[in-house]
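Reviewing the structure listed below.
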Amino acid sequence: MENNPVLVEVFRGPVVESRHRGAVAVFDGDGRRVFSLGNIDRATFPRSAVKAIQALPLVESGAADAFGFEDADLAMACASHSGEEEHVARARSMLKKAGLDETALECGSHWPFQQPVLIELAKSGQQPTPLHNNCSGKHAGFLATCMHCGMQTKGYTALGSGIQDMVRDVMTDVTGAAHDIDHCGTDGCSIPTYAIPLSNIAHGFAKMATGTGLEEKRAQAAHRLIHACMKEPFYVAGTRRACTELMRMAPGRIFVKTGAEGVFCGAVPELGLGFALKCDDGATRASEAMVASLLSRMFHKDEELSARLLAFASPQMKNWNGIPFGSVAPSDIFRNAVIG
């Protein structure tokens, strides 16, 4: 199998110590490939990066309006949050609006992934609950949809359940890729996840951003979810998280969402473009550098924003004494790219 290109290099002093390979796809709403690197046709699990597409039934079914969900609630339905107090409270509120509580969640419990949040929770003497699960907002959205549509809530995470069939069909329609059992796995939060090409995922997010190729009701729901995330980026991720920071860097101009194992997806609505990328080794430090580098090139006409995005993609690294020793840097293949 041909290797993907090196997209990120890690320097210790002047010497490259590590290299990260990956693939990147940028498409427009008509399905035209605008830019790509590496093998974008290889089956890839997008994991949590596609939560905005998975949330479409929540809006399309009328559940979001029936339960009075605000933009912050919709952003939480698309989130991989840090388990901060505001996230836990928001997930609890979403469930309460739908007439449920945390006992209905089937996502499991885990300690917050962000160390400061974990430490604060441990210091308080509490144990994590399903509300702390980074996917609790998505699951609250699933449950609200089940309640509104009269579907069984128990077992809602299972392959073949009413809500998961609905999500699978929406994913198939938006991405244009078959979501079949031969490419199906189980996600960390217990729902089915399907491996599809990056090219289809990127095209799907371009359709989400532009409405191109979507029937009117779906296009309106997609617009509402994308803009809710851009308006409430804290609820998509959390304090000092890449998704939140990148969307705050250009309010209303960037939608971005990460997924486990080095995946990022998103869209730049003003350019009518969607994108998807995968860091082959699953490293977060590299995937964050990749997505910021990609956005820097997509906004090359806005020199100030492009420079800030490139700086985000090239963080300095320090040792335990605070002494700088190296940096993470996008490779020249990114620096020389012109997109859009």
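The values are calculated or read from the model by the stated rules, or taken from the named source; none is laboratory data. Being a predicted model, the structure only gives us computed values, none of them experimental. Cβ: placed from backbone, ideal geometry, glycine included. Neighbour counts: every protein chain shown. Surface areas here come from the heavy atoms of the whole protein model, side chains and all, with no ligands, DNA or RNA. Shrake-Rupley method; radii C 1.70, N 1.55, O 1.52, S 1.80 Å.
Laid out as a table, the results:
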quantity	calculated
Looking only at the range 188-201, and only at residues there that are closer than 22 Å to Phe27 by Cα and small (Gly, Ala, Ser), the one that is surrounded by the fewest Cβ atoms within 10 Å (Cβ to Cβ)	Ala195
Matching residues in the range 169-182 - criterion: being surrounded by fewer than 19 Cβ atoms within 10 Å (Cβ to Cβ) and in a helix (DSSP H, G or I)	Asp169, Thr172, Asp173, Ile181, Asp182
Candidate set: the range 153-168, residues that are β-branched (Val, Ile, Thr) and open to solvent by less than 30 Å² (accessible area, probe 1.4 Å); chosen: the one farthest from Gly29 (Cα to Cα)	Thr157
Some residue of the range 121-132 being over 27 Å from Arg240 (Cα atoms) and basic (Lys, Arg)	no
Lys154 being part of a loop (DSSP other than H, G, I, E, B), at pLDDT 95 or above, of a type in the set (D, E, K, R) and more than 16 Å from Ala77 (Cα to Cα)	yes
The range 243-265, subset outside any strand (DSSP E or B) and open to solvent by less than 10 Å² (accessible area, probe 1.4 Å), residue nearest to Ile40 (Cα to Cα)	Gly262
Residue check for Ala206: in a helix (DSSP H, G or I), among the small types (Gly, Ala, Ser) and farther than 26 Å from Ala307 by Cα	no
Selection status of His139, assigned to a helix (DSSP H, G or I) and of a type outside the set (Val, Ile, Thr)	yes
Subset of the range 316-340 that is free of Cβ contacts under 8 Å to residues at least 24 places away in the same chain and in a loop (DSSP other than H, G, I, E, B) - its residue that is nearest to Val6 (Cα to Cα)	Asn336
From Ala79, Ala75, Ala91, residue being in contact with an Asp or Glu (Cβ under 7 Å, 6 or more places away or on another chain), open to solvent by less than 50 Å² (accessible area, probe 1.4 Å) and either in a loop (DSSP other than H, G, I, E, B) or hydrophobic (A, V, I, L, M, F, W, C) (or both)	Ala75
Residue, farthest from Pro233 (Cα to Cα), within the range 94-103, restricted to residues that are out of contact with any Pro (no Cβ under 9 Å at 6 or more places or on another chain) and crowded, with 17+ Cβ neighbours inside 10 Å	Leu100
Whichever residue in the range 213-239 is over 21 Å from Asp73 (Cβ atoms) and in contact with a helix residue (DSSP H, G or I) (Cβ under 7 Å, 6 or more places away or on another chain) and, among such residues, is most open to solvent (accessible area, probe 1.4 Å)	Gly213
Residue among Glu86, Glu106 that is out of contact with any strand residue (DSSP E or B) (no Cβ under 7 Å at 6 or more places or on another chain) and assigned to a helix (DSSP H, G or I)	Glu86
Flag if Thr145 is open to solvent by 20 Å² or more (accessible area, probe 1.4 Å), more than 20 Å from the chain's Cα centre (by Cα) and hydroxyl-bearing (Ser, Thr, Tyr)	no
Number of the condition not met by Leu214 [criteria: (1) closer than 14 Å to Ala52 by Cα; (2) of a type in the set (A, V, I, L, M); (3) out of contact with any strand residue (DSSP E or B) (no Cβ under 7 Å at 6 or more places or on another chain)]	(1)
Members of the range 1-37 that are crowded, with 19+ Cβ neighbours inside 10 Å and either within 19 Å of Gly213 (Cα to Cα) or free of Cβ contacts under 8 Å to residues at least 60 places away in the same chain (or both)	Ala25, Val26, Phe27, Asp28, Gly29
Residue that is open to solvent by less than 70 Å² (accessible area, probe 1.4 Å) and over 19 Å from the mean Cα position of the chain (by Cα), where the choices are Gly108, Gly185, Gly137	Gly108
Near pairs, Cβ below 6 angstrom, 6+ apart or cross-chain, from the range 38-53 (among the hydrophobic types (A, V, I, L, M, F, W, C)) to any residue that is part of a loop (DSSP other than H, G, I, E, B) and surrounded by fewer than 20 Cβ atoms within 10 Å (Cβ to Cβ)	Ala43/Ala195; Phe45/Ala195
